[in-house]
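Notes follow once the structure below has been shown.
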Amino acid sequence: MTTYNIAILKGDGIGVEVSNQSLKMLNAIQKRFGIDIQTQEYLVGGAALDAYNTALPESTLKGCKAADAVLFGAIGGPKWDKQPTNTANNKDSAHLLYDTPEKGLLALRKNLQVYANIRPVFVFESLLEASTIKPEVIKNVDLVVVRELISGIYFGKPRGIEVRNGERVGFNTMIYSESEIARIVHYAFKLAQQRRKKLCVVDKANVLEVSQLWRQVVAEIVKQYNDIAVSYQYVDNASMQLIRNPLDFDVIVTNNLFGDILSDEASQLTGSIGLLPSASIGDSYALYEPIHGSAPDIAGQNLANPMASILSVAMMFENSFQQKEIAQAIRQSIEKVLHSGVRSKDLASFGSTQVLGCEEMGNAIAKVFLE
Ligand code: IPM
Ligand code: MG
């Protein structure tokens, strides 16, 4: 019997609640498909700071590396917003200091070398009315943001806050090597080949040298992908086009910061950020996580939408385990539940017959999956 070992990092806030619903789905998968799934939980983020004084304990990283895949919830919350920076280690890897929950996540991504963050954006037929954007604009939207995840301004040095000429200055560095650009661009081209064969490179090449280098590298690579139609957009224009005519997009490839911003924007095409899963892929490891955060304002109240996490499980089965059938079955279950008129709180005002809490929604999806 096939065994899949999955590291579960629930994290903080609603990360815990939505991950619990994904655990139900993993149970249901075992039942329906007769495969063996072993899960092992590890602390990360604020929960790990409380327990181990570091947002990414060694044991967590080790567990992730030993697993076949990692399911991540969300991290952060007001409680940990003002952790003092550990200046003792500041010299070498300031950004890898594990003294805020966010640094734990960034260090995890970096350590696992998961450079390609895949954020699919698709609109469920039943939720056409759920978006603040007109149904005719979003109908059939099916695009993917490919976000570079372990470099760029998130990690570039120098970075910091210091006093210059008697006042504080803050600074970060947006930096990419050509090999970092090439590997994410190749990934995006290959993804486009499996889809509608359109790739849009999003940058700020009219202002930033780092973006000009992206374009040079793309120009060198493009010859290897004659079947792909490549276009270029500046990020300000792309953020407008994304809501003006989202059907124009197939695969978008962009840097870490622009991808973070554009994917939150794109989530609103679907009706809620609570619907968007993601996969973070590297050469050796893969991490799956909803794109939403820990939502401290609704945490612990059974109000969260577990769909983004459960859809991340679907991505895991498709990408890491080559179990397309299982992935499809998960997506269909969510579609069916939505079609029946049942909604989570974030989608509540739109054509719902019944609003379910996070737990109950998790139960409903698992139940339909097993029918
Ligand atoms: C995301 C999040 C993270 C990011 C935060 C929590 C560090 O916004 O995954 O999109 O900026 O990458
Ligand atoms: Mg984000």
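Evaluate the stretch 354-364: report whether one residue or more is over 16 Å from residue 24 (Cβ atoms) and not basic (Lys, Arg).
Checking the stretch 354-364: at least one residue is over 16 Å from residue 24 (Cβ atoms) and not basic (Lys, Arg).
If you check residue 328 against the conditions, is it outside any helix (DSSP H, G or I) and out of contact with any Gly (no Cβ under 6 Å at 6 or more places or on another chain)?
Numbers: outside any helix (DSSP H, G or I): no; out of contact with any Gly (no Cβ under 6 Å at 6 or more places or on another chain): yes.
So residue 328 fails the test.
Among residues belonging to the stretch 257-268 that are under 20 Å from residue 295 (Cβ atoms) and among the aliphatic types (A, V, I, L, M), point out the one that is least open to solvent (accessible area, probe 1.4 Å). Working first, answer last.
First pass over the stretch 257-268, keeping only residues under 20 Å from residue 295 (Cβ atoms): 260-261, 263-268.
Cutting the leftovers down to among the aliphatic types (A, V, I, L, M) gives us 261, 266.
On the way: 261: 95, 266: 0 Å².
Filtering first and then ranking leaves 266.
Go through (1) in contact (Cβ under 8 Å) with a residue 40 or more places away in the chain; (2) away from ligand 1 (no atom under 16 Å from the Cβ); (3) of a type in the set (A, V, I, L, M); (4) within 25 Å of residue 186 (Cβ to Cβ) and name the single condition residue 243 misses.
Condition (4) is where residue 243 drops out.
Determine which member of the set 253, 230 is closer than 22 Å to residue 106 by Cα and outside any helix (DSSP H, G or I).
253
Enumerate the strands (runs of 3 or more DSSP E) found wholly within the stretch 103-188, keeping only those where 2 or more residues are within 16 Å of ligand 2 (Cβ to nearest atom).
Here the list reads 116-122, 142-148.
Return the residues of the stretch 237-256 that are in contact with a Lys or Arg (Cβ under 9 Å, 6 or more places away or on another chain) and either open to solvent by 40 Å² or more (accessible area, probe 1.4 Å) or at pLDDT below 95 (or both); say none if nothing qualifies.
Once the filter is applied, which keeps residues that are in contact with a Lys or Arg (Cβ under 9 Å, 6 or more places away or on another chain) and either open to solvent by 40 Å² or more (accessible area, probe 1.4 Å) or at pLDDT below 95 (or both), the stretch 237-256 yields 247, 248.
What are the residues in the stretch 259-300 that are within 17 Å of residue 15 (Cα to Cα), touching a residue at least 12 places away in the same chain (Cβ under 8 Å) and more than 16 Å from ligand 2 (Cβ to nearest atom), if any?
298, 299, 300, listed by residue number.
I'd like to know if the stretch 274-296 contains one or more residues that are part of a helix (DSSP H, G or I) and open to solvent by less than 10 Å² (accessible area, probe 1.4 Å).
Kept after step one, since they are part of a helix (DSSP H, G or I), are these residues of the stretch 274-296: 274-275.
Applying the additional criterion that residues be open to solvent by less than 10 Å² (accessible area, probe 1.4 Å) yields 274-275.
Yes, the stretch 274-296 contains a residue that is part of a helix (DSSP H, G or I) and open to solvent by less than 10 Å² (accessible area, probe 1.4 Å).
Of the residues that sit in the stretch 134-164 and are charged (D, E, K, R) and surrounded by 14 or more Cβ atoms within 10 Å (Cβ to Cβ), which one is nearest to the chain's Cα centre (by Cα)? Working first, answer last.
The first filter runs over the stretch 134-164 and keeps only residues charged (D, E, K, R), leaving 134, 136, 139, 142, 147-148, 157, 159, 162, 164.
Retained after the next criterion (residues that are surrounded by 14 or more Cβ atoms within 10 Å (Cβ to Cβ)): 142, 147-148, 159.
Details: 142: 16, 147: 9, 148: 11, 159: 24 Å.
It comes out as 147.
Taking the condition open to solvent by less than 40 Å² (accessible area, probe 1.4 Å), at pLDDT 95 or above and closer than 20 Å to residue 280 by Cα, does residue 191 pass? Even if it seems obvious, please write down each step before you answer.
Numbers: open to solvent by less than 40 Å² (accessible area, probe 1.4 Å): yes; at pLDDT 95 or above: yes; closer than 20 Å to residue 280 by Cα: yes.
So residue 191 fits the description; yes.
For (1) assigned to a helix (DSSP H, G or I); (2) touching an Asp or Glu at 6+ places or on another chain (Cβ under 9 Å); (3) open to solvent by 30 Å² or more (accessible area, probe 1.4 Å), each residue gets a yes or a no:
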position	(1), (2), (3)
28	yes, no, no
32	yes, no, yes
37	no, no, no
44	no, yes, no
49	yes, yes, no
55	no, yes, no
65	yes, no, yes
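Which pairs have Cβ atoms under 7 Å, sit 6 or more apart or on different chains, and link a residue in the stretch 59-88 that is not assigned by the TED database to the domain that holds residue 101 to one that is among the aliphatic types (A, V, I, L, M) and modelled with pLDDT under 95?
Sorted first by the residue in the stretch 59-88, then by its partner, the pairs are 85/97; 86/97.
The values are calculated or read from the model by the stated rules, or taken from the named source; none is laboratory data. Worth saying up front: this structure is predicted, and the values here are computed from it rather than measured. So basically every Cβ, Gly included, is an ideal-geometry build from the backbone, and we count neighbours across all protein chains shown. SASA here: full protein model, heavy atoms, side chains in, ligands and nucleic acids out. Shrake-Rupley method; radii C 1.70, N 1.55, O 1.52, S 1.80 Å.
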